[in-house]
1. Being out of contact with any Pro (no Cβ under 9 Å at 6 or more places or on another chain), more than 20 Å from residue 130 (Cα to Cα), among the small types (Gly, Ala, Ser) and not in a loop (DSSP other than H, G, I, E, B) narrows it down to one of 166, 230, 170, so name that one.
2. In the stretch 227-251, what residues are free of Cβ contacts under 8 Å to residues at least 60 places away in the same chain and surrounded by 16 or more Cβ atoms within 10 Å (Cβ to Cβ)?
3. From the list 173, 224, 217, pick out the single residue that is on the phi < 0 side of the Ramachandran plot, open to solvent by less than 60 Å² (accessible area, probe 1.4 Å), touching a Gly at 6+ places or on another chain (Cβ under 6 Å) and modelled with pLDDT of 90 or more.
4. For the stretch 186-211, give me the residue count where each residue is small (Gly, Ala, Ser), within 25 Å of the chain's Cα centre (by Cα) and on the phi > 0 side of the Ramachandran plot.
5. Could you figure out which of (1) more than 22 Å from residue 147 (Cβ to Cβ); (2) touching a Phe, Trp or Tyr at 6+ places or on another chain (Cβ under 6 Å); (3) basic (Lys, Arg) isn't true of residue 36?
6. Looking at the structure I just gave you, is residue 86 among the β-branched types (Val, Ile, Thr) and open to solvent by 20 Å² or more (accessible area, probe 1.4 Å)?
7. Which residue, of 97, 51, is farther than 20 Å from residue 178 by Cα, of a type in the set (Phe, Trp, Tyr), part of a helix (DSSP H, G or I) and in contact with a strand residue (DSSP E or B) (Cβ under 7 Å, 6 or more places away or on another chain)?
8. When you scan the stretch 124-133, do you find a residue that is in contact with a strand residue (DSSP E or B) (Cβ under 8 Å, 6 or more places away or on another chain), more than 17 Å from residue 245 (Cβ to Cβ) and among the aromatic types (Phe, Trp, Tyr), even just one?
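The values are calculated or read from the model by the stated rules, or taken from the named source; none is laboratory data. Note that this is a predicted model, so its numbers are computed, not measured. With ideal geometry, Cβ positions are generated from the backbone for all residues, glycine too; neighbour counts draw on all protein chains shown. Keep in mind that these areas ignore ligands, DNA and RNA; they rest on the heavy atoms of the full protein, side chains included. Shrake-Rupley method; radii C 1.70, N 1.55, O 1.52, S 1.80 Å.
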Amino acid sequence: MGFNTDKNSYTIIFAVAMVVVVGSLLAFTASSLRDRIAANKRTEKQQNILFAMGVTDTEDPNEFVPAEKAQELFDKYVGDEQYIVVNGNAQKTKEAFDIEVKKENDKVKQDPNYQRKLPLFIGKKEGEEYYVVPMRGNGLWDAIWGYVSLDKEFKTVKGAFFDHKGETPGLGANIKEAYFRDDFIGESILDESGNYQGITVKKGNGDPKNERKNDNAVDALAGATITGDGVTAMVKKGIKMYQPYFETLKK
């Protein structure tokens, strides 16, 4: 006796069965790939931090270090110099690498009294120290994030990396491009009096070649005002949270 495929009950049973089968396959796939996905995310994070320090495996400063060399070069240039910073106090620990800025932001939203953990990566290249600050913000359509490295005086940007989840191609998405992020290099985050100002992505800045390094500003991207404002807010807030700790290191 065969099934009557014209009945509504058959359609419902078939739909339920397909949901169970497809769901099980997706769950199995996600579970089997979990370790690989985690490893890839770790490698990408190492590449981004090294990029903000100007570490490259080729003569092209815009090239990321190869994935297969990321761990080796990260250990060489950053090593154990990883800190958790809370309210100006620091704890040296490798666990800082696993702190996710997004999750820390979410915890603060849920509990304003939560003591945020701020991961900081301190590296050394060619005898110079680099203090790499991870940050996260909002663009026009979705999240943006980045890494900015500062010199040992906590005044000058030595390198930067920015990325996004869903900004408009050819407009806001260009925060990834070299001609935008390279403008941050050499830019001061302090004003002439030594007060913290951050860096503003400024429309009509009148400095297309970015020759003024003490104006706390870089030229905006054409047609991407909101994304630029998001980068401004992200950089200013991101670095400002570390200022209490940086002040202790200056003493």
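1. None of the other options fit; the residue is 230.
2. Scanning the stretch 227-251 gives 228, 229, 232, 236.
3. Numbers: 173 fails: touching a Gly at 6+ places or on another chain (Cβ under 6 Å); 217 fails: touching a Gly at 6+ places or on another chain (Cβ under 6 Å).
Exactly one residue qualifies, and that residue is 224.
4. So in the stretch 186-211, the residues small (Gly, Ala, Ser) come out as 186, 188, 193-194, 198, 204, 206.
Going one step further and asking which of them are within 25 Å of the chain's Cα centre (by Cα), we end up with 186, 188, 198.
Still in the list and also on the phi > 0 side of the Ramachandran plot: 186, 198.
The number of residues fulfilling the criteria is 2.
5. With (1) more than 22 Å from residue 147 (Cβ to Cβ); (2) touching a Phe, Trp or Tyr at 6+ places or on another chain (Cβ under 6 Å); (3) basic (Lys, Arg) applied to residue 36, the lone miss is (2).
6. Working: among the β-branched types (Val, Ile, Thr): yes; open to solvent by 20 Å² or more (accessible area, probe 1.4 Å): yes.
Against the criterion (among the β-branched types (Val, Ile, Thr) and open to solvent by 20 Å² or more (accessible area, probe 1.4 Å)), residue 86 qualifies.
7. Values: 51 fails: farther than 20 Å from residue 178 by Cα.
Exactly one residue qualifies, and that residue is 97.
8. No - not one qualifying residue is present in the stretch 124-133.
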